[in-house]
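**Q** My questions will all concern the structure given below.
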Amino acid sequence: MSKPTRETPSATVKNATETATKQAPDEISPSQRIDARIQELNDWRGETLTRIRQLIRQADPDIIEEWKWRGVPVWSRAGIICTGETYKNLVKMTFAKGASLEDPSRLFNASLDGGTRRAIDFHASDKIDEAALRALIRAAVALNMSPRTPAGRASSREHQRGG
């Protein structure tokens, strides 16, 4: 009888990546794709993306993980909440409706001139303000879940003026 072998953590990571990449593209879930991306990075960017993902799940366990635009992790609930893009020197967390969110902790540090999005660029030595980030994620979910004014509908003031 052969003795069971114990897999090392690096072997587990390698096997998970191989499994995710060997499956047919339609069979790989967005979560598996994000797992594989994190494992591919194998540096501070993977660690940062992992922590961001954990904080998103803590902020709202009902957020859905998606994989869009040929390789971008996306988290959604009633619309896109944020993305987690990785670059050579940073991990960028872009909030789809960030310009509409209050940011009392001043986490947003990128894409500040845009009319809709806002982003947080994380660099290797950055420390994440976890409580503030969870609060920002919850605010983004609340914004997505709030009732919306139907597009193209005139405001009551315009309607009263006949406009």
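**Q** Could you look through the stretch 143-163, keep only residues that are assigned to a loop (DSSP other than H, G, I, E, B) and either among the hydrophobic types (A, V, I, L, M, F, W, C) or at pLDDT 95 or above (or both), and pick out the one that is surrounded by the most Cβ atoms within 10 Å (Cβ to Cβ)? Spell out the reasoning first.
**A** Pass one, the stretch 143-163, residues assigned to a loop (DSSP other than H, G, I, E, B): 146-155, 162-163.
Subsequent filtering for residues that are either among the hydrophobic types (A, V, I, L, M, F, W, C) or at pLDDT 95 or above (or both) retains 151, 154.
Working: ALA151: 5, ALA154: 11.
In this case the residue turns out to be ALA154.
**Q** How many of the residues making up the stretch 47-84 are surrounded by fewer than 20 Cβ atoms within 10 Å (Cβ to Cβ), touching a residue at least 40 places away in the same chain (Cβ under 8 Å) and within 21 Å of ASP126 (Cβ to Cβ)?
**A** 3
**Q** Give the residue that is farthest from LYS88 (Cα to Cα), with candidates limited to residues of the stretch 30-50 that are small (Gly, Ala, Ser) and in contact with an Asp or Glu (Cβ under 8 Å, 6 or more places away or on another chain). Even if it seems obvious, please write down each step before you answer.
**A** Filtering the stretch 30-50 for residues small (Gly, Ala, Ser) gives 31, 36, 46.
Within this subset, residues satisfying the condition of being in contact with an Asp or Glu (Cβ under 8 Å, 6 or more places away or on another chain) are 31, 46.
Details: SER31: 22, GLY46: 11 Å.
The selected residue is SER31.
**Q** Let me ask another. Could you check the stretch 37-142 for strands (runs of 3 or more DSSP E) lying wholly inside it with 3 or more residues that are closer than 30 Å to GLU27 by Cβ? Before the answer, list the steps.
**A** Numbers: elements: 64-68, 72-76, 80-86, 91-95, 118-122.
Output list reads 64-68, 72-76, 80-86, 91-95.
**Q** Looking at the stretch 85-133, which of its residues are free of Cβ contacts under 8 Å to residues at least 60 places away in the same chain, closer than 26 Å to ALA36 by Cα and among the hydrophobic types (A, V, I, L, M, F, W, C)?
**A** LEU90, VAL91, MET93, PHE95, ALA96, ALA119, ILE120, listed by residue number.
The values are calculated or read from the model by the stated rules, or taken from the named source; none is laboratory data. Everything numeric in this text was worked out from a predicted model, so none of it was measured. With ideal geometry, Cβ positions are generated from the backbone for all residues, glycine too; neighbour counts draw on all protein chains shown.
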